[in-house]
Structures are given as C-alpha cells and as structure tokens.
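Enquirer: Dropping the structure in here first, questions after.
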Amino acid sequence: MDPIAELNRRLDNLIRPGTVAAVDLVKARCRVKTGAITTGWLPWFTRRAGSTNEWDPVSVGEQCLVLSPSGEPAQGFALVGLYSDAHPAQSASASLHRLQWANGDFLQHDAATGALTIQCAGPVKILGSRIDLNE
C-alpha cells in the first residue's frame with residue numbers, strides 16, 4: 001500500500017462526525033454512520049464508569065464524533081452529546097440544568113431562582129433509611 005495514501009486514510013479517520021446507527025445495550029456499544037461507512041461496535045463515552053457509575057445509553061440518530069487512536073476506526077470511541085435539528089437543546093437559559101427523557105418526563109433545576117421541577121408520568125419511589133423533607 002502507498003504509505004502516503006495510508007497516512008491520509010489514518011488522518012481522515014482520527015476524528016469523524018456521525019450519527020448513532022445501532023445500539024447494543026447489553027454490551028454498551030454502538031455503531032456509527034459516518035460518511036459512507038458504518039463502524040463496528042464501539043464503546044460510547046459516559047460521564048462516570050468507575051466506582052461511581054452512570055448509565056445513560058445513547059440513542060439511534062444521536063449525533064456524535066468517532067475518535068480513533070492512530071486513525072483506526074475499529075479501535076475508536078463514540079463521543080456523544082452533540083445537539084442537532086433532530087435533537088435540539090431543551091433550553092437557552094444559562095442558569096437551567098434540565099434532564100429530559102424520551103417520554104417527556106424531566107428533572108429541571110434553575111440556579112437563578114432555586115426552583116426544582118420534576119415531571120414524572122409514573123409513580124415516584126424514594127428509598128432511604130431516613131427521609132425528612134422538613135430538614
């Protein structure tokens with residue numbers, strides 16, 4: 001293979017924008033459509049994956065970047081969380097933190113007002129050895 005062509009291929013594959021094409025929830029992997037290719041099964045980034053662990057799976061159609069060490073997509077990772085026309089930002093407020101799920105339920109805190117809003121279509125369960133709402 002031409003070494004210059006191989007170098008160009010690897011450079012082109014270091015960082016590639018794409019959209020999640022498929023999700024394997026059991027293995028926590030996704031396939032990404034980027035340009036004319038669909039990657040193999042790649043891990044996606046999450047905020048925490050150690051003794052503190054967060055589960056928030058990616059969804060098909062979510063925009064992402066494939067980061068490939070040495071330009072090899074088979075060794076890549078999906079960095080998700082890019083807004084798009086299909087999945088726009090939920091607010092334009094600098095003081096609002098909002099988490100919204102596909103069914104419309106949400107948890108929202110406004111640091112400017114201190115207001116906490118929860119919308120939940122189902123039952124709410126709070127577990128703990130001691131719960132005191134007046135403390």
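The values are calculated or read from the model by the stated rules, or taken from the named source; none is laboratory data. Keep in mind that what you see is a predicted model, and the values were worked out from it rather than measured. Counting neighbours? That spans all protein chains shown, and the Cβs are built from the backbone with ideal geometry, glycine included. Remember, those area values only see protein heavy atoms, side chains included, never the ligands or the DNA or RNA. Shrake-Rupley method; radii C 1.70, N 1.55, O 1.52, S 1.80 Å.
Enquirer: Looking at residue 5 and the list (1) open to solvent by less than 60 Å² (accessible area, probe 1.4 Å); (2) under 25 Å from residue 100 (Cβ atoms); (3) not in a strand (DSSP E or B), which single condition is not satisfied?
Expert: (2) is the only condition that residue 5 fails.
Enquirer: Go through region 69-82 and give me each residue that's open to solvent by 50 Å² or more (accessible area, probe 1.4 Å), over 10 Å from the mean Cα position of the chain (by Cα) and modelled with pLDDT under 95.
Expert: 69, 70, 72, 74, 75
Enquirer: Output the residue which, of all residues in region 9-68 that are closer than 22 Å to residue 85 by Cβ and among the polar types (S, T, N, Q), is surrounded by the most Cβ atoms within 10 Å (Cβ to Cβ).
Expert: Of everything passing the filter in region 9-68, 34 is surrounded by the most Cβ atoms within 10 Å (Cβ to Cβ).
Every residue, every condition in (1) open to solvent by less than 70 Å² (accessible area, probe 1.4 Å); (2) closer than 30 Å to residue 17 by Cβ; (3) basic (Lys, Arg), yes or no:
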residue	(1), (2), (3)
89	yes, yes, no
110	yes, no, no
113	no, no, no
122	yes, no, no
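Enquirer: Here are 132, 56: which of them is part of a loop (DSSP other than H, G, I, E, B), without any contact (Cβ under 8 Å) to a residue 12 or more places away in the chain, more than 20 Å from the chain's Cα centre (by Cα) and more than 30 Å from residue 4 (Cα to Cα)? Give the steps one after another, and end with the answer.
Expert: Numbers: 56 fails: more than 20 Å from the chain's Cα centre (by Cα).
The match here is 132.
Enquirer: Also, quick follow-up: Taking residue 104, is it open to solvent by less than 40 Å² (accessible area, probe 1.4 Å), over 30 Å from residue 13 (Cβ atoms), in a loop (DSSP other than H, G, I, E, B) and touching a residue at least 12 places away in the same chain (Cβ under 8 Å)?
Expert: Numbers: open to solvent by less than 40 Å² (accessible area, probe 1.4 Å): yes; over 30 Å from residue 13 (Cβ atoms): yes; in a loop (DSSP other than H, G, I, E, B): yes; touching a residue at least 12 places away in the same chain (Cβ under 8 Å): yes.
Criteria met by residue 104.
Enquirer: Can you confirm whether residue 94 is at pLDDT 90 or above, over 25 Å from residue 59 (Cα atoms) and open to solvent by 70 Å² or more (accessible area, probe 1.4 Å)?
Expert: Numbers: at pLDDT 90 or above: yes; over 25 Å from residue 59 (Cα atoms): yes; open to solvent by 70 Å² or more (accessible area, probe 1.4 Å): yes.
Yes: the conditions hold for residue 94.
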